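The values are calculated or read from the model by the stated rules, or taken from the named source; none is laboratory data. Computed from a predicted model, the values in this text were never measured in an experiment. Ideal geometry is used to build each Cβ from the backbone, glycine not excepted, and the neighbour counts take in all protein chains shown.
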């Protein structure tokens, strides 16, 4: 069976939940006997000369590297290549934006099974203009109309799909990789950080992630701890400058830029707690990663966060700076409470969000039955 992944920027993942999702799936699927996995990459993200990664064959294709045309131009070429050159058995499209071309995949390769993973309701994000939001809605429609199977990464998206389009889609969540807890070394050298000395957030620096709320709330705290913001711009330079300016008068706030690998592992390992004040999520891999490290979590009261953290962390209303400040202050002042929430978050990830079981469910989706027989379960 030849499986192709389309829509991601590339692997290995540098940043972005979709890229991390594809990496975790692809490398595990490639280890299944009689399975070949191909992932399409963009030359600005993954080096063109790199043609394989951990058993996954990488195919680099060009794109028009702008905010509105990067994904769609790359997807167009990738679908043509997957259908006509690779003659794929599975064409797995990531996210509803690229899935606007699902009909093209069906047309060019009728024998292939077209799968779409619905990662997030992207048209709700403020960074998109009216035309882009219209195209993202059209991508949702094409997903529901032309994909053989649709996978939702959260119960929230599963219910949205049913309520908005009448389609019963399959719930297979994102996951978290369990890493060893490591001491502060590189992060002490680079950023002056010590173990349990900071609040951590890891996110793309885009407005709907709510980093501005977190900065405003943290500035109101009387604490010697730091706020560490890990992430980079995604065609959002104006917003990045806005939050840097907002934080400029507080030396406790540290921007590390994009971090991966050992440095990111150290940042998670040594944080006191994790914050995710976002306005919109599909199912945050960063949140699950924080839980896998046993970090107590404060997150916004949106459905995708609630379905993970209900009883396993502190939930605050979206955009409520005072509630966010109070929740952070509560964790920072009560070590036992923080440790208890960290243990609960870790147990939650171990029980429900392991990549090996997620891969098994995805492979079953490739090889058997239809999600149309699946009834969505209730969410909180």
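Looking at residue 294, is it touching a helix residue (DSSP H, G or I) at 6+ places or on another chain (Cβ under 7 Å), closer than 14 Å to residue 209 by Cα and surrounded by fewer than 23 Cβ atoms within 10 Å (Cβ to Cβ)?
Details: touching a helix residue (DSSP H, G or I) at 6+ places or on another chain (Cβ under 7 Å): yes; closer than 14 Å to residue 209 by Cα: no; surrounded by fewer than 23 Cβ atoms within 10 Å (Cβ to Cβ): yes.
It is false that residue 294 is touching a helix residue (DSSP H, G or I) at 6+ places or on another chain (Cβ under 7 Å), closer than 14 Å to residue 209 by Cα and surrounded by fewer than 23 Cβ atoms within 10 Å (Cβ to Cβ).
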query = Quick one: is residue 349 out of contact with any strand residue (DSSP E or B) (no Cβ under 6 Å at 6 or more places or on another chain) and either surrounded by 15 or more Cβ atoms within 10 Å (Cβ to Cβ) or under 30 Å from residue 1 (Cβ atoms) (or both)?
reply = no
inquiry  = Whether any residue in the range 105-116 is within 21 Å of the chain's Cα centre (by Cα) and not assigned by TED's automatic domain parsing to the domain that holds residue 258 is what I want to check.
reply    = yes
ask   = Of the numbered conditions (1) touching a strand residue (DSSP E or B) at 6+ places or on another chain (Cβ under 6 Å); (2) buried (at least 19 other Cβ atoms within 10 Å of the Cβ); (3) modelled with pLDDT of 95 or more, residue 305 satisfies every one except a single condition; which is it?
value = (3)
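Which residue, of 218, 191, is surrounded by 22 or more Cβ atoms within 10 Å (Cβ to Cβ) and more than 23 Å from the chain's Cα centre (by Cα)?
Numbers: 191 fails: surrounded by 22 or more Cβ atoms within 10 Å (Cβ to Cβ).
Step by step, each of 218, 191 is checked, and only 218 is surrounded by 22 or more Cβ atoms within 10 Å (Cβ to Cβ) and more than 23 Å from the chain's Cα centre (by Cα).
How about the range 125-164: which of its residues are part of a loop (DSSP other than H, G, I, E, B) and either modelled with pLDDT under 90 or surrounded by fewer than 21 Cβ atoms within 10 Å (Cβ to Cβ) (or both)?
Narrowing the range 125-164 to residues part of a loop (DSSP other than H, G, I, E, B): 125-129, 147-148, 153-154.
125, 126, 127, 128, 129, 148 - these are the residues of the range 125-164 that are part of a loop (DSSP other than H, G, I, E, B) and either modelled with pLDDT under 90 or surrounded by fewer than 21 Cβ atoms within 10 Å (Cβ to Cβ) (or both).
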request  = Identify all residues within the range 1-46 that are more than 18 Å from residue 363 (Cβ to Cβ) and either over 22 Å from the mean Cα position of the chain (by Cα) or part of a helix (DSSP H, G or I) (or both); write none if there are none.
outcome  = 17, 18, 19, 20
inquiry  = With the structure loaded, tell me whether residue 178 is part of a loop (DSSP other than H, G, I, E, B) and in contact with a strand residue (DSSP E or B) (Cβ under 9 Å, 6 or more places away or on another chain) or whether it fails that test.
reply    = yes
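Considering the range 259-279 alone, what residues qualify as being touching a residue at least 60 places away in the same chain (Cβ under 8 Å), assigned to a loop (DSSP other than H, G, I, E, B) and farther than 18 Å from residue 215 by Cα?
Just the residues of the range 259-279 that are touching a residue at least 60 places away in the same chain (Cβ under 8 Å), to begin with: 260, 262-279.
Pick out the ones that are also assigned to a loop (DSSP other than H, G, I, E, B) and you get 260, 271-272, 277-279.
Listed by number, the list holds a single entry, 260.
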note = All conditions in (1) under 22 Å from the mean Cα position of the chain (by Cα); (2) in a loop (DSSP other than H, G, I, E, B) are true of residue 87 except (1)
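Return yes when residue 90 is modelled with pLDDT of 95 or more, assigned by TED's automatic domain parsing to the domain that holds residue 151, more than 21 Å from residue 138 (Cβ to Cβ) and surrounded by 17 or more Cβ atoms within 10 Å (Cβ to Cβ) and no when it is not. Don't jump to the end; show me each part of the working.
Details: modelled with pLDDT of 95 or more: yes; assigned by TED's automatic domain parsing to the domain that holds residue 151: yes; more than 21 Å from residue 138 (Cβ to Cβ): yes; surrounded by 17 or more Cβ atoms within 10 Å (Cβ to Cβ): yes.
In short, yes.
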inquiry  = Considering only residues that are on the phi < 0 side of the Ramachandran plot, modelled with pLDDT of 95 or more and exposed (fewer than 14 other Cβ atoms within 10 Å of the Cβ), which ones fall in the range 63-87?
reply    = 84, 85
key: Among the residues listed as 201, 245, the single one being outside any helix (DSSP H, G or I) and either closer than 28 Å to residue 95 by Cβ or modelled with pLDDT of 95 or more (or both)   = 201
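Does residue 331 fit the bill of being in contact with a helix residue (DSSP H, G or I) (Cβ under 6 Å, 6 or more places away or on another chain), modelled with pLDDT of 95 or more and either farther than 17 Å from residue 232 by Cα or not in a helix (DSSP H, G or I) (or both)?
Numbers: in contact with a helix residue (DSSP H, G or I) (Cβ under 6 Å, 6 or more places away or on another chain): yes; modelled with pLDDT of 95 or more: yes; either farther than 17 Å from residue 232 by Cα or not in a helix (DSSP H, G or I) (or both): yes.
Criteria met by residue 331.
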query = If you go through the range 49-58 one residue at a time, do you hit one that is crowded, with 19+ Cβ neighbours inside 10 Å, in contact with a strand residue (DSSP E or B) (Cβ under 7 Å, 6 or more places away or on another chain), more than 20 Å from residue 283 (Cβ to Cβ) and in contact (Cβ under 8 Å) with a residue 24 or more places away in the chain?
reply = yes
query = Which residues, taken from the range 146-181, are more than 21 Å from the chain's Cα centre (by Cα), touching a residue at least 24 places away in the same chain (Cβ under 8 Å) and assigned by TED's automatic domain parsing to the domain that holds residue 20?
reply = 146, 147, 148, 162, 164, 165, 167, 168
task = Among residues belonging to the range 221-254 that are touching a strand residue (DSSP E or B) at 6+ places or on another chain (Cβ under 8 Å) and closer than 20 Å to residue 17 by Cα, point out the one that is surrounded by the fewest Cβ atoms within 10 Å (Cβ to Cβ).
result = 232
